[in-house]
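Where a number appears in this text, it was derived from the coordinates with a stated rule and is not lab data. All values reported here derive from a predicted model rather than from experimental measurement. Cβ sites come from the backbone with ideal geometry, for glycine too, and all protein chains shown count toward neighbours.
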Amino acid sequence: MFKLRPAFGFTLFAVAVFLFSSGLGVWQLERREWKLGILNRIAVNQAAAPVSLDELLQGEPLAHEYGRVHVTGTFQNDREFYLAARNLKDDVGIQVITPLKTTDGRVVLFDRGWVPSPKKDPATRPQGQLAGTVDLVGVVRRNQTQRYFAPDNDPGKNFWFHVDVPLMRKMAGGTPDPKMDAFFLEADATLNPGGLPVGGQTQLDIPNDHLQYALTWFGIALAMVGVWLAWHWENGRLAINGRTKVQQ
């Protein structure tokens, strides 16, 4: 026989904690499925052979996100963009994004890689300022949006905190195009003359800890149920087979 006299205030608090924790647990499971989709897309597209820019643009470019694209053109080295960034070792520096004018006149943003802050000035890394026609393979990345609490881009000072492809392409003389404005390319790890910029900065090993987080939140929800029951037992509000903690 189970009898219970719930305490209104504590019960209200316990229900709020239970619902909040359970909701976060469900959200983490949804995030896990989202992350698994990204990891699957990375695996499939990375395993595929590089496609041409024309092949990429025949369909939806972002369907090939993290895949590789072969492009031929000329770097507009006098129009570099500088993105505040850390390298894979967490060193502070700059990502150098250079417009590439293809042989058919299109402008593609190409993230050439990372340089330490003292090497921001192109004059300090002349060997890496490739001239003439280049053949490159880049990784497809999507246009970025400003994150919460992140600083604003400062185009006037050429200092950026996220890659604004439409604006950068426009500033580089590119023609607005929904497909071209949806992505940019990141350099692979091929060594540049002089060693800078350092390519291969694409983060492919993305952690997926959402199941662990979900179990933690569900555990908190269940623990709240246990605390609620224990409190009512300790205060004589819960009776099992006619017996309460107070009577014992």
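Odds and ends about this structure:
- Under 5 Å, built H, 5+ apart or other chain: amide partners of V51: R68, V69, H70
- For G113, the residues whose amide H sits under 5 Å from its own are V96, A187, ignoring neighbours fewer than 5 places away on the same chain, with H placed 1.01 Å from N.
- Length-normalised contact order of the range 67-195 in % [C-alpha pairs under 8 Å, at least 6 apart]: 30 percent
- Under the criterion of Cα pairs below 8 Å and six or more residues apart, the relative contact order for the range 92-157 equals 23 percent.
- Cross-link pairs beyond the 28 Å C-alpha cut-off, checked among K89/K170; K35/K170; K35/K101; K35/K179; K101/K179: K89/K170; K35/K170; K35/K101
- Our analysis of the range 56-210 gives Rg over Rh at 0.94, with the two radii drawn from alpha carbon positions and Rh computed by the Kirkwood formula.
- Euclidean distance between Cα centres, the range 18-45 to the range 120-145, Å: 34 Å
- Computed from Cα atoms, the angle from the helix 8-47 axis to the main principal axis of the chain rounds to 30 degrees.
- Helix 210-234 vs. the chain, principal-axis angle (Cα, 0 to 90°, nearest 10): 20 degrees
- Each residue of the range 141-149 was assigned a 3J(HN,Hα) from its phi angle through the Karplus curve 6.51 cos²θ - 1.76 cosθ + 1.60 (θ = phi - 60°); the sequence is 10, 7, 3, 9, 10, 5, 7, 4, 6 Hz, with glycine and proline shown as x.
- Theoretical gain in end-to-end length, V227 to T175 [0.36 nm per residue, Cα-Cα removed]: 12.5 nm
- Each peptide in 94-101, 161-168, 119-126 was scored by the mean count of other Cβ atoms within 10 Å over its residues; highest first, the order is 94-101, 161-168, 119-126.
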